[in-house]
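Colleague: Pasting in a structure now, in structure tokens, and then I'll have a few things to ask.
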Amino acid sequence: MTRLGLLFTLILAVSIHPASADEPTYRQGKTTFIETGVEAPDRSPTWYASMVGKPYAPVFEMLATQGTQGRYYPYTYPVTLKDLIRFHGHDCEGTVHAANAAWVAFKLLFPDGIIDRSVLWGISGTSPCWSDGVAFLTGARLQYGNLGFFRDKRYSHAIVLYRDDTEVAVLATWKQGINNIPGEPVTLPGKIDWQPRVSAQEVEALKRVVKDAGGKPTPYQVDLMRFQQWELVNEILEHPLGASYQAVVIRDFKWSDWIDPNMATHRTVMRTDTRLKNYPYRERPVQADK
């Protein structure tokens, strides 16, 4: 068995009892105070993001640094599916799935709910729907060497998020029952306990037909596939995300074991927007250099 095949087997074995991630390196209210909830998230439905108003559409409280050579902000800013869709360029089910999977992963990585973009790495499949979601939510980029693509294609519609300060990695993906990619397994054992109005099997069957049409499906098939994807995404967000997505901590995680080296940037550049994040302040609020 290959090393990746062994990893796949081990994850399936341990995921039934997923472990908790380590505590954050800061403790809210003790070692720092970061104000959250100070900006209302944009949850107003629109034609390109109708799902953003659903009761369980995720909202991410993001902690970033001030500019390209700055300290941490003392506040978080909210990110919604609408923000992610604007970044990606269009509404699609993959982007929503990636965000939902990230939300359950962040629950393990950041138990206090403050998502520190300065410490995150990410791995996805090659679909830009998923890689854009990971890049946008983590700040990981190919040129920094902290955004990768799966070596093992069985994980193409899962994600791995890694905290380099705590050295904790989490694999997150959908549960059996909303997966609808032909020929691709679900990499963790969880199953949904609710019944979608449009089954994943129906969506998967239509995707096979459209794919086999060689770029020439009927207009009806194009409209039907769009409706089925839209219907499933909106229905998923009517349930708690834990009902449809699952995550597990990866023990003994090694970045090189998981990424495709042929798709990595081997001449990376130093990330400078985070290196002064903990830089000391002046002795007084108003003080010039001597």
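The values are calculated or read from the model by the stated rules, or taken from the named source; none is laboratory data. Since we're looking at a predicted model, the values are computed, not measured. Here the Cβ positions follow ideal geometry from the backbone for every residue, glycine too, while neighbour counts run over all protein chains shown. For accessibility, only protein heavy atoms count, side chains too; no ligands or nucleic acids. Shrake-Rupley method; radii C 1.70, N 1.55, O 1.52, S 1.80 Å.
Colleague: So what are the radius of gyration and Dmax for the Cα set of the chain, in Å?
Modeller: Using the Cα atoms of the chain, the pair Rg, Dmax is 20.1, 73 Å.
Colleague: Antiparallel DSSP bridges in the chain: what percent, to the nearest 5?
Modeller: If we restrict to bridges inside the chain, about 70 percent are antiparallel.
Colleague: Quick check: at a probe of 1.4 Å, how many percent of the accessible area of the chain sits on carbon and sulfur atoms? All intermediate terms of the calculation are to be shown ahead of the outcome.
Modeller: On the way: 8010 of 14920 Å².
In the chain, the share of accessible area belonging to carbon and sulfur is 54 percent.
Colleague: To the nearest µm²/s, what D does Stokes-Einstein give for region 165-290 at 37 °C and 0.692 mPa s, using the Kirkwood radius over alpha carbon pairs as Rh?
Modeller: In µm²/s, the coefficient rounds to 169.
Colleague: Restrict the search to region 193-235; then list the trypsin sites (Lys or Arg not before Pro) that DSSP places in a loop and that have at most 10 other Cβ atoms within 10 Å of their Cβ.
Modeller: Numbers: sites: 197, 207, 208, 211, 226; in loops: 197.
Sparse-neighbourhood loop trypsin sites (Lys or Arg not before Pro): 197.
Colleague: Label residue 166 and residue 263 with points 7 Å out from Cα along Cα→Cβ: what is the distance between them in nm?
Modeller: 2.7
Colleague: Continuing with this model, one more query. Any chance you could run the full-extension gain for residue 252 through residue 75? It's 0.36 nm times the residue separation minus the Cα-Cα distance, nm to one decimal.
Modeller: Details: separation 177, 0.36 × 177 = 63.72 nm, distance 3.30 nm.
Extending this stretch completely gives an extra 60.4 nm.
Colleague: If you roll a 1.4 Å probe over the heavy atoms of the protein chains, what accessible area per residue do you get for the chain, in Å²?
Modeller: 51
Colleague: A follow-up question, please. How many nm separate the modelled label positions at residue 221 and residue 47, each set 7 Å beyond the Cα in the direction of the Cβ?
Modeller: 2.7
Colleague: Projected onto the charge dipole of region 73-202 (+1 at Lys/Arg Cβ, -1 at Asp/Glu Cβ, origin at the Cα centre), which of 194, 110, 120 gives the Cα projection farthest towards the positive end?
Modeller: Of the candidates, 194 comes out farthest on the positive side.
Colleague: What is the packing order of peptides 139-145, 273-279, 261-267, taking the mean over residues of other C-beta atoms within 10 Å and listing the highest first?
Modeller: Packing order, densest peptide first, comes out as 139-145, 273-279, 261-267.
Colleague: Antiparallel as a % of all DSSP beta bridges within region 51-159, to the nearest 5?
Modeller: 40
Colleague: Which of the pairs 191/216; 153/175; 175/211; 153/211 have their Cα atoms more than 26 Å apart in this structure?
Modeller: Correct reply: 191/216.
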